[in-house]
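Read the figures in this text as sums done on the coordinates, not as results from a lab. Note that the structure is a prediction, hence the values are computed from the model and not measured. Cβ atoms come from the backbone with ideal geometry, glycine included; neighbour counts cover every protein chain shown.
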Amino acid sequence: MTDGCGLEKSKSQAGARVSCTFGDYMETAEKGLYAIGDIVAGLPQLAHAAMMEGIIAVTHIAGKAAHQIVKTRIPNATYCEPQIGSIGLTEKQARDAGYKVKVGKFPFVGNSKATILGNHGGFVKVVSDEMYGEVLGIHIIGPLATEILAEAAAVLNLEGTIDDMMNMVHAHPTVWEAMGDAFASVRGLQINV
Ligand SMILES: Cc1cc2nc3c(=O)[nH]c(=O)nc-3n(C[C@H](O)[C@H](O)[C@H](O)COP(=O)(O)OP(=O)(O)OC[C@H]3O[C@@H](n4cnc5c(N)ncnc54)[C@H](O)[C@@H]3O)c2cc1C
């Protein structure tokens, strides 16, 4: 079905997936041929990634200003018990990438809403760049992890810092409040433990 449309030029080395310079708005090596979704090599095979890739491709095709997808800013929501919400670099990935890393960790045992929910297991871990305080990754395991991941996605996309986030008022009592403590824990300033 794909014979002759130029797709063969874009086959990735892995074989099954398509190399697509996603820095260039999902366009493949064949000019005018775009790829989105699970077929794209180098991006995670997730529904929300596929949706954004589609928006970027059609925006570019329509000649409007499109943004570029950043692999490290695609969130992961894992529905196990407890839940896992994760975005950005792990501590090891950040070190391997050459960052001088500063890490903070806040356990849900110190979070009031976790007490109310009777669900204290887990923690929020923040990976940051020591020099500028930029948030590089956030990894949450615990109650409502896939929901409070929203703040993590926002701060990574806005290139926010530890100081931006630890000085933001987090409502009490919420599970979300653990995010504020986790950012503050990078500086040893968490207040709820
Ligand atoms: C069991 C399972 C659970 C998942 N859970 C999650 C989750 O919780 N969260 C998440 O983010 N992602 C999840 N995913 C991954 C997610 O479904 C995919 O990343 C996403 O659907 C990829 O979108 P796509 O458009 O590339 O492919 P698809 O959604 O698979 O769409 C491809 C479409 O092309 C059609 N098609 C195939 N061949 C042809 C053909 N020759 N001619 C015409 N049409 C054709 C198919 O019928 C299909 O409709 C899950 C996947 C699976 C299998």
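Sorting 28, 59, 161 from the fewest to the most surrounding beta carbons within 10 angstrom yields 59, 161, 28. Near the amide H of residue 144, within less than 5 Å, lie the amide hydrogens of 83, all on another chain or at least 5 residues away, with H placed in the peptide plane. Phi angles of region 76-88 translate, via the Karplus equation with coefficients 6.51, -1.76, 1.60 and θ = phi - 60°, into HN-Hα couplings of 10, 10, 10, 8, 10, 10, x, 5, 10, x, 8, 8, x Hz per residue; Gly and Pro are given as x. Close amide-amide hydrogen proximity is noted between residue 101 and 130, each under 5 Å apart and 5 or more residues distant or on a separate chain (H modeled in the peptide plane; Pro and chain starts excluded). Other residues within the sphere of radius under 15 Å centred on the Cβ of residue 119, judged by their own Cβ, net out at -2 (K and R +1, D and E -1).
Derived scalar couplings between HN and Hα for region 134-139 equal 5, 7, 9, x, 9, 10 Hz in order, rounded to whole Hz, by the Karplus curve 6.51 cos²θ - 1.76 cosθ + 1.60 (θ = phi - 60°), x for Gly and Pro. Sequence-ordered 3J(HN,Hα) estimates for region 103-114 from the Karplus curve with 6.51, -1.76 and 1.60 and θ = phi - 60° stand at 10, x, 8, 10, x, 5, 5, x, 9, 4, 5, 5 Hz, glycine and proline given as x. Pairs of Lys residues in the chain that lie 8 or more places apart, or on two chains, and have C-alpha atoms under 22 angstrom apart add up to 17. When the square roots of the Cα gyration tensor eigenvalues are ordered a ≥ b ≥ c, the ratio a/c for region 75-122 is 1.5 or more and a/b does not exceed b/c, which makes its shape oblate. Mind listing which GluC sites (Glu not before Pro) in region 21-104 are in a DSSP loop and have 16 or fewer other Cβ atoms within 10 Å? Within region 21-104, the qualifying GluC sites (Glu not before Pro) (loop, at most 16 other Cβ atoms within 10 Å) are 30.
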